[in-house]
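These notes are about the structure you will find just below.
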Amino acid sequence: MNKKIALITGATSGIGKACALTLAKMGYDIIATGRRKDRLDQLETEMPAGVRFFPLVFDVRDRIKVLEVLGNLPSDWTKIDVLINNAGNAHGMDPIQTGDLDDWDAMMDINVKGLLYVSKAIIPGMTERKSGTIINIGSIAGKEVYPNGNVYCGSKHAVDAITKGMRIDLNPFGIKVIGIHPGMVETEFSLVRFKGDESRAESVYKGFTPLYAQDIADIVEFVVNRPSHVVLADIVILPTAQASATVVNKNL
Ligand code: NDP
Ligand code: 8X3
């Protein structure tokens, strides 16, 4: 019997990498994507024995490449059971009046349009088979708005709305659509947001225990293990020290 297949975007670090390793340990064969080939090569070495691994290097902003690569998967990789739309980042953290247009483009193009391009390529197989699970990684920033979060929050609110729309449209096909919305997770996220400023990135997670990528992967394991009649549609997961997007108790 063929094993189940999971496709995880943004599997070169953080949440995506943890999800790829967790699903592999659960017995899924893994399609892992990202722009950094060396990271995908490293991930391959960490795969448990017996797991098939298929790395794909592309930028989710490249609509032609996304559709070409995902539309021409080898025949033994086309039946994708679980899609995790995870690739994304914040770029910059500025007030709207001084925000950088390139940062805005990056966030909308990667977090929103990239998710749509990948979904466009994968959904037809799921509707044809009348099965599948799509997990979109949103954010607490898709549920609330915080100072200087403007466009990143906008992109994640879009992910939240698109997730709800997908759930409605794909419901007749028995496809599960799940939104996971984390609070502060210590990954390379802040390093990217602050453009490589390591001390600024580290300071985000100082004074409290943040979430770790594995915490999100554990939720993914739980949701994909639910029986076929159960879907955990919308999940907000926060560090215990975080009460909202802006309220973090750094004394805990
Ligand atoms: P990381 O920076 O550690 O990982 C981001 C991943 O996205 C990398 O694998 C990166 O791969 C990939 N990625 C980014 N841009 C592109 C692109 N243009 N094309 C293809 N892949 C891309 O951050 P996280 O793991 O924290 O972030 C993963 C998701 O979780 C994001 O959607 C983020 O918004 C969300 N999130 C994160 C939170 C946090 O606090 N960390 C909280 C809530 C949500 P590569 O660079 O190799 O292309
Ligand atoms: C990442 C979490 O709070 O930095 O989506 O926006 S936050």
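Give the relative contact order (percent, whole number) for the chain; include only Cα pairs under 8 Å separated by 6+ residues. Mind dumping the intermediate values first?
On the way: 475 pairs, mean separation 47.5, N = 252.
Relative contact order for the chain comes out at 19 percent.
For segment 153-241, what does the relative contact order come out to in percent, with C-alpha contacts under 8 Å and a separation of six or more?
On the way: 79 pairs, mean separation 32.6, N = 89.
Reported relative contact order: 37 percent.
Quick one: if you take sqrt(5λ) for each eigenvalue of the C-alpha gyration tensor of the chain, what semi-axes come out, biggest first, whole angstrom? Please report the intermediate quantities before stating the final value.
Details: eigenvalues 160, 73, 72 Å².
So the equivalent ellipsoid measures 28, 19, 19 Å along its semi-axes.
Can you put Ser139, Ser199, Ser13 in order, fewest other beta carbons within 10 Å first?
So the ranking, lowest neighbour count to highest, is Ser199, Ser13, Ser139.
Using just the helices of the chain, give the 222 nm mean residue ellipticity in deg cm²/dmol: DSSP H runs with n ≥ 4 each add -39,500 (n - 2.57), and the total is spread over all residues, rounded to 500. Intermediate values should be presented prior to the final figure.
Values: 9 runs with 98 residues, N = 252.
Computed mean residue ellipticity for the chain: -11500 deg cm²/dmol.
For Gly174, what charge total do you get from the other residues with a beta carbon under 11 Å from its beta carbon, if Lys and Arg give +1 and Asp and Glu give -1?
Working: positive: Arg129, Lys130, Lys176; negative: none.
Local net charge: +3.
Please list the radius of gyration and Dmax for segment 127-222, considering alpha-carbon atoms only, with Å as the unit.
Reported Rg and Dmax, both Å: 15.8, 49.
Can you tell me the order of 230-242, 156-168 when each peptide is scored by its average per-residue count of other Cβ atoms within 10 angstrom, highest first? Don't skip to the end; give the middle numbers.
Details: 230-242: 15.9, 156-168: 18.5.
Output ranking for 230-242, 156-168: 156-168, 230-242.
Taking the number of other C-beta atoms within 10 Å as the exposure measure, put Lys120, Lys143, Lys206 in order starting with the fewest. Intermediate values should be presented prior to the final figure.
On the way: Lys120 14, Lys143 18, Lys206 8.
Ascending number of Cβ neighbours within 10 Å: Lys206, Lys120, Lys143.
Mind checking which aspartates and glutamates have their C-alpha under 13 Å from Lys195, skipping anything on the same chain fewer than 8 residues away?
Counting by Cα, and skipping residues close in sequence, Lys195 has these aspartates and glutamates nearby: Asp94, Asp100, Asp102, Asp103.
State the Cα centre-to-centre distance between segment 91-113 and segment 162-235 in whole Å.
So the two Cα centres are separated by 20 Å.
If you take every residue apart from Asp94 with its C-beta less than 9 Å away from the C-beta of Asp94, what net charge results, scoring Lys and Arg +1 and Asp and Glu -1?
Working: positive: none; negative: Asp100, Asp103.
Local charge sum for Asp94: -2.
Net charge near Arg61, counting Lys/Arg +1 and Asp/Glu -1 over other residues with Cβ under 13 Å of its Cβ?
On the way: positive: Arg35, Arg63, Lys65, Lys113; negative: Asp59, Asp62, Asp102, Asp105, Asp109.
Cβ neighbours under 13 Å give a net charge of -1.
All of the numbers you see were taken from the coordinates with simple rules; none came from a lab. Note that the coordinates shown come from a computational prediction; the quantities given were computed from them, not determined experimentally. Backbone-built Cβ (ideal geometry, glycine too); neighbour counts: all protein chains shown.
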